[in-house]
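The structure under discussion appears below in the form of structure tokens.
The values are calculated or read from the model by the stated rules, or taken from the named source; none is laboratory data. Because the structure is a prediction, the values reported are computed rather than measured. Positions of Cβ are backbone-derived with ideal geometry, glycine not excepted, and every protein chain shown enters the neighbour counts. Note: accessible area is taken over every heavy atom of the protein model, side chains too, but ligands, DNA and RNA are not part of it. Shrake-Rupley method; radii C 1.70, N 1.55, O 1.52, S 1.80 Å.
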Amino acid sequence: DAGITQSPRHKVTETGTPVTLRCHQTENHRYMYWYRQDPGHGLRLIHYSYGVKDTDKGEVSDGYSVSRSKTEDFLLTLESATSSQTSVYFCAISGVTEQETQYFGPGTRLLVL
Amino acid sequence: AQTVTQSQPEMSVQEAETVTLSCTYDTSESDYYLFWYKQPPSRQMILVIRQEAYKQQNATENRFSVNFQKAAKSFSLKISDSQLGDAAMYFCAYRRSRDFGNEKLTFGTGTRLTIIP
């Protein structure tokens with residue numbers, strides 16, 4: 001299994017509070033991604049990173065920001081959480097020689113009340 | 001924009017039998033990759049199988065194989081000798097070739113597979 005951890009694994013928060021999710025990898029892979037999973041939508045890309053300090057938006061990036069100050073860590077921040085951001089969040093990684101395969105972390109279940 | 005369609009929200013199969021999950025996709029690209037991921041109740045996303053569009057030969061991984069029909073834009077997953085541990089949600093996914101930069105995975109909405117003992 002790829003060495004990917006996510007923290008926290010579960011979180012309950014209130015509307016309007018900031019939330020930061022962390023993804024940590026031990027594979028030294030260049031690319032890292034944040035997806036969210038909602039019923040009826042599969043997984044959708046929020047943001048991704050193609051190197052330290054290099055990030056770009058995905059298809060559902062509104063209300064989210066990311067940062068990557070080290071190769072191994074990719075942080076997802078909800079500046080002011082809303083109920084529509086209740087979801088399961090997955091981090092994924094891929095390398096430049098892995099034939100485009102993305103490997104996923106265990107997921108974080110976030111509930112915004 | 002690329003889209004991936006899984007038209008079977010749920011399927012069931014008897015243990016030890018064979019089942020085929022369907023996936024179709026829409027793209028104008030000629031070079032791309034296709035994947036099947038499995039998500040058991042643990043929620044972990046597990047890669048099942050991968051297919052490169054430039055390869056005519058269908059990918060196989062033990063009891064899992066695909067039927068890749070590029071012209072029809074179809075990518076079905078066949079599970080042979082179904083086992084109880086195969087029960088999960090299965091997602092089909094697409095991504096363009098990395099020649100266009102690092103591209104996202106586009107997922108279908110999933111098929112929930114139940115194994116009947």
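List of remarks:
- Scanning region B:53-66 for residues that are in a strand (DSSP E or B) and either touching a residue at least 60 places away in the same chain (Cβ under 8 Å) or surrounded by fewer than 16 Cβ atoms within 10 Å (Cβ to Cβ) (or both) yields B:T60, B:E61.
- Restricting attention to region A:33-51 and to residues that are more than 8 Å from chain B (Cβ to nearest Cβ) and farther than 13 Å from A:Y89 by Cβ, the residue that is most open to solvent (accessible area, probe 1.4 Å) turns out to be A:P39.
- Scanning region B:76-99 for any residue that is more than 28 Å from A:G58 (Cβ to Cβ), assigned to a strand (DSSP E or B) and open to solvent by less than 70 Å² (accessible area, probe 1.4 Å) turns up at least one such residue.
- From the list A:S65, A:S80, the one residue that fits, being hydroxyl-bearing (S, T, Y) and within 13 Å of the chain's Cα centre (by Cα), is A:S65.
- Checked against (1) free of Cβ contacts under 8 Å to residues at least 60 places away in the same chain; (2) under 12 Å from the mean Cα position of the chain (by Cα); (3) more than 10 Å from chain A (Cβ to nearest Cβ); (4) open to solvent by 60 Å² or more (accessible area, probe 1.4 Å), B:D26 passes all but a single condition, namely (2).
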